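Here is the structure we will look at.
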Amino acid sequence: MRKIARGVWQVRQRLANETVDAINRGDPLPHGRSARTVQRALRETIGCGPAWVRRWVRLQEAARQFAVEGEADASQIAVRLGFADQAHLVNEFRQATGLTPGSYIASLPKPFPN
């Protein structure tokens, strides 16, 4: 199941990255809207641009992966999510959440013993 979930996330991430890259280049998008229309809609709807959305998606996925895999795999998580290295992931995670990945993992509820 983890393999399927990771595959689905990779497809979602690739689509998000390709859309943001197309918007940044000003290319037409597959759904027929112009890049500028999407930029404007994002700003009007959520108050942020496509780069922020991509960052949010990556950090949301980082939090999910930390919850599942723990901090020991931080360097692998960083590579999978497209960060330059583990330090960049940790710094961006801390800026967004106010917690290091280790503190975040420690704050998660513990599963009930079987």
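Values quoted throughout were computed directly from the atomic coordinates according to the rules given, and no laboratory measurement underlies them. Since the model is a prediction, treat every value here as computed from it, not as a measurement. Positions of Cβ are backbone-derived with ideal geometry, glycine not excepted, and every protein chain shown enters the neighbour counts.
Between the DSSP loop rule and a limit of at most 16 other Cβ atoms within 10 Å, which GluC sites (Glu not before Pro) in segment 33-114 are left?
Values: sites: E44, E61, E69, E71, E92; in loops: none.
Counting only loop positions with at most 16 other Cβ atoms within 10 Å, none of the GluC sites (Glu not before Pro) in segment 33-114 qualifies.
For the pair R64 and Q39, how long in nm is the line joining their label points, each one 7 Å along Cα→Cβ?
2.9 nm
Using only the alpha-carbon atoms of segment 44-101 as identical scatterers, what base-10 log of I(q)/I(0) does the Debye formula give at q = 0.14, 0.18, 0.29 Å⁻¹?
-0.36, -0.57, -1.27
Using a simple spin-label model with points 7 Å from Cα along the Cα→Cβ vector, what separation in nm is obtained for A106 and A72?
For A106 paired with A72, the spin-label model returns 1.8 nm.
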